[in-house]
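Asker: This structure is in structure tokens; I'll ask about it shortly.
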Amino acid sequence: MSTEITTPDSINTPSLIPTLPGATYVDETVFRVEQERIFEQMWFCAVWSADLAKPGAYKTVQIGRESILVSRTRKGQIRAFYNVCRHRGVKLCMEESGQAARSFQCPYHAWTYDFEGKLIAAPNLTKMPDIDRTEYGLVNVHVREYLGYVWLCLADEPPSFEEDVMGAIEERLGDLRAIEGYDVANLSLGRRITYDVKANWKLIIENFMECYHCATIHPELTEVLPEFADGLAAQYFVGHGAEFGVDVQGFTVDGSEGLERIPGIDEDQDRRYYAITIKPTVFVNLVPDHVIIHRMFPLAVDRTVVECDWLYLPSVVESGKDVSASVELFHRVNQQDFDACERCQPAMGSKVYAKGGVLVPSEHHISAFHDWVSSKLL
């Protein structure tokens, strides 16, 4: 794979380049524009498909300003709707997840919808023959399934999934085929941890993209991936995977042997860690025996819920093998990163940070993310 540097030539670039202004991380108006122009217009990774195992299984997720109901139909298809009754605007499903027996019924006036979103019943509905039951059904949201997850887009005309989602993987790995061997869609959930982070979503992305902080706050990670101690993140190079230390046997908290290797990965992907950012809110982490997926749900300018899944071969999960050593490594990394982001958040509103901070050379690639955010806010 190529290791071409994706950042500007350091000879022609100043050592320090500016970040976004501090207000970008604390201003409620900015966050509202981000909700409208980013989260509600792009493909948003919302639900692990296997969480919707049976017809009528559902999850509700917050995307931007909207509550979205995601469910599985009797034909086994994934459907998504605005979680809003068409009668008087009541929130249809209040729980984060559940199992509907036959239909979704509004708790206010009992308007009832099938799993395809069609209006099928309501008090005195037969006396209102002019009501179009499809037109007054639940409002659909665009749906794609990829990597074993349900991706949603609230835009009337969604952007290209191939360019925005699959293209981000190709841009990072250099070849989309590089992820195919991990067979992510057919892995099983070994562990899920949800983090409620008191920080702006952009701080979390910036943190994930760089490793200038790794030697300072990630002792366990730099033991497993020694090159991270030098401050260059894997995302600094196209196609590069950070190599395990010589004495490290697996991607575990103590460097001990990992679990069963995913058979489809190439030899040159063995003993390496790859990190991918898919804008706006997804991180994909690839190691030889498991895959870690972070999904962010920005709920306020200073609050982001992060759901993190550890995925393993089905045989590993079904056998009940202990996955705690591999989970613990990135759980600690998450805690260390999120604590750092929470320490940054209060200072974003300081007059000292009004013009923002700076990026050192090993962080310069973050400026592309800043430029992208700025282009969305214009």
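Asker: Which label marks the calculated value of Rg and Dmax of the Cα atoms in Å, given the options [x] 46.6, 193; [y] 20.6, 67; [z] 22.2, 77?
Answerer: Computed from the coordinates, Rg and Dmax of the Cα atoms in Å corresponds to [z].
Asker: At what distance in nm do the modelled label points of residue 23 and residue 192 sit from each other, each positioned 7 Å from its Cα along Cα→Cβ?
Answerer: Between residue 23 and residue 192, the label points sit 3.9 nm apart.
Asker: Residue separation times 0.36 nm, minus the C-alpha to C-alpha distance between residue 315 and residue 40: what's the value?
Answerer: Net length gain for the segment: 95.3 nm.
Asker: Sticking with this one: With contacts defined as alpha carbon pairs under 8 Å and 6 or more residues apart, what's the relative contact order of region 291-369 in percent?
Answerer: 17
Asker: Which value in deg cm²/dmol, rounded to the nearest 500, describes the helix-derived mean residue ellipticity at 222 nm for the chain, given -39,500 (n - 2.57) per DSSP H run of n ≥ 4 and division by the residue count?
Answerer: Helices in the chain give a 222 nm mean residue ellipticity of -5500 deg cm²/dmol.
Asker: Between residue 230 and residue 217, what is 0.36 nm times their sequence separation minus the Cα-Cα distance? Round to one decimal in nm. Write out the running numbers ahead of the final one.
Answerer: Numbers: separation 13, 0.36 × 13 = 4.68 nm, distance 1.30 nm.
Net length gain for the segment: 3.4 nm.
Asker: At 25 °C and 0.890 mPa s, what whole-number value in µm²/s does Stokes-Einstein give for the translational diffusion of region 74-179, with Rh from the Kirkwood sum over Cα pairs? Before the final figure, lay out each step's value.
Answerer: Values: Rh = 16.2 Å.
Translational D for this selection: 151 µm²/s.
Asker: Would you calculate the convex hull of the Cα atoms in region 318-378 and tell me its volume per residue in Å³? Could you put the intermediate results ahead of the total?
Answerer: Values: hull volume 10.1 nm³, N = 61.
Cα-based convex hull of region 318-378, divided per residue, equals 166 Å³.
Asker: Longer than 24 Å from Cα to Cα, which of 54/118; 198/321; 59/376 are they? Say none if no pair is. Don't skip to the end; give the middle numbers.
Answerer: On the way: 54/118 19 Å; 198/321 34 Å; 59/376 29 Å.
Too far apart for the 24 Å limit: 198/321; 59/376.
Asker: While we're here: Shape of region 250-359 from its Cα gyration tensor (a ≥ b ≥ c, root eigenvalues): rounded if a/c is under 1.5, otherwise prolate when a/b > b/c, or oblate?
Answerer: Prolate.
Asker: Please compute the net charge surrounding residue 165, taking Lys and Arg as +1 and Asp and Glu as -1 over other residues with Cβ under 15 Å from its Cβ.
Answerer: Every neighbour counted, the sum reads -3.
Asker: Report relative contact order for the chain in percent, whole number only (criteria: Cα-Cα under 8 Å, sequence separation at least 6).
Answerer: 22
Asker: Are there trypsin sites (Lys or Arg not before Pro) in region 286-378 that DSSP puts in a loop and that have at most 15 other Cβ atoms within 10 Å, and which ones?
Answerer: Here the sparse-neighbourhood loop sites are 321, 355.
Asker: With a ≥ b ≥ c the root eigenvalues of the C-alpha gyration tensor of region 224-281, is it rounded (a/c under 1.5), prolate (a/b larger than b/c) or oblate?
Answerer: Oblate is the answer for region 224-281, as a/c is 1.5 or above yet b/c matches or exceeds a/b.
Asker: What is the angle, in °, between the Cα long axis of helix 324-344 and the longest principal axis of the Cα atoms in the chain? Nearest 10 is fine, range 0 to 90.
Answerer: 90
Asker: Under 4.7 Å Cβ to Cβ, no partner at all: give me those cysteines from the chain, in residue order.
Answerer: So far as the 4.7 Å Cβ criterion goes, 45, 93, 153, 308, 341, 344 stand without a partner in the chain.
Asker: Sticking with this structure for a sec: Quick one: 3J(HN,Hα) in Hz for region 65-76, Karplus 6.51/-1.76/1.60 with θ = phi - 60°, rounded, Gly and Pro as x.
Answerer: 8, 10, 8, 10, 9, 10, 8, 10, 7, 5, 8, x
Asker: With every protein chain left in place and a probe of 1.4 Å, what is the accessible surface of residue 217, to the nearest 10 Å²?
Answerer: Surface open to solvent at residue 217 totals about 50 Å².
Asker: Compute the Cα gyration tensor for region 53-122, then decide on rounded, prolate or oblate, letting a ≥ b ≥ c be the square roots of its eigenvalues: rounded whenever a/c is under 1.5, prolate when a/b is larger than b/c in the other cases, and oblate in all that remain. Kindly include the intermediate steps, with their values, before the conclusion.
Answerer: Numbers: a/c = 1.71, a/b = 1.10, b/c = 1.56.
The shape class here is oblate.
Asker: Can you give me the distance in nm between label points at residue 267 and residue 118, each placed 7 Å from the Cα along the Cα-to-Cβ direction?
Answerer: 5.7
The values are calculated or read from the model by the stated rules, or taken from the named source; none is laboratory data. What you see is a predicted model; the values in this text were computed from it and never measured. Heads up, the Cβs are rebuilt from the backbone with ideal geometry, glycines too, and the neighbour counts pull from every protein chain shown. For accessibility, only protein heavy atoms count, side chains too; no ligands or nucleic acids. Shrake-Rupley method; radii C 1.70, N 1.55, O 1.52, S 1.80 Å.
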